[in-house]
Amino acid sequence: MGTVTIGVSIAVPEPHGSELQQLRAGFGDAAAHGIPTHVTLLPPTEIDEAALPAVEAHLTEVAAAGRPFPMRLSGTGTFRPLSPVVFVRVVAGAEACARLQQQLRDPAGPIARELQFPYHPHVTVAHGIDEAAMDRAFEELAGYEAEWPCAGFALYEQGADGVWRKLREFPFGGPVVPSQTGRVDHGSIPTR
């Protein structure tokens, strides 16, 4: 057995996931079709393939203790000039995401690791493309809105072709926490 590259994330549900993926591709991000639209909880991490059962057991335990929570995306942000990324902001659910990612990276667990940058939940819509296209992504999605109840997360593996594929979903163990706005699923991009 060798090593595998895994990641853990919250999928952005349909129709929002496909919509943002198409927009990302339209901005010229060649990686768009190989990366499902998501909020990262554990960034790409190389592990021994033999450790996958222990990782899955750990993820099952974290999810079982978790509770569904409202997620809401609104507007754009960027990590430039530190990192060439434009993203849609997570404005509700960010604290829950931060708690989850800490639990996943528990120093006593099978995927303990340090992060290169402080954790900041977001949905990437442009990465490593030319500045004009990054500016266009930032401006065109400035009014983007989407909301849904987050009920779990998933484990992904990156294939030799660079494509991320879902291995397994991990649903939370408790009841849904209601949204403060009462809205659930209204993604939209304003037209200009």
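The values are calculated or read from the model by the stated rules, or taken from the named source; none is laboratory data. In this text, all values refer to a predicted model and were calculated from it rather than measured experimentally. The protein model used for the area step is the full one, side chains on, heavy atoms only, and it has no ligands, DNA or RNA in it. Shrake-Rupley method; radii C 1.70, N 1.55, O 1.52, S 1.80 Å.
When the chain is treated as a GNM with alpha-carbon contacts under 10 Å, the residue of ALA142, ALA25, ALA160 showing the greatest mean-square fluctuation is ALA160. For the residues ILE10, ILE129, a 1.4 Å probe over the protein chains yields an accessible-area ranking, largest first, of ILE129, ILE10. Averaged over its residues, the stretch 1-76 has an accessible area of 41 Å² per residue, based on protein heavy atoms and a 1.4 Å probe.
At the listed q of 0.13, 0.16, 0.24 Å⁻¹, the Debye profile of the stretch 1-94, built from one uniform point per Cα, gives log10 I(q)/I(0) equal to -0.60, -0.87, -1.33. How large a share of the accessible area of the stretch 46-105, in percent, is made up of carbon and sulfur atoms when the probe is 1.4 Å and the other protein chains stay in place? Looking at the stretch 46-105 in its full context, I get 52 percent from C and S.
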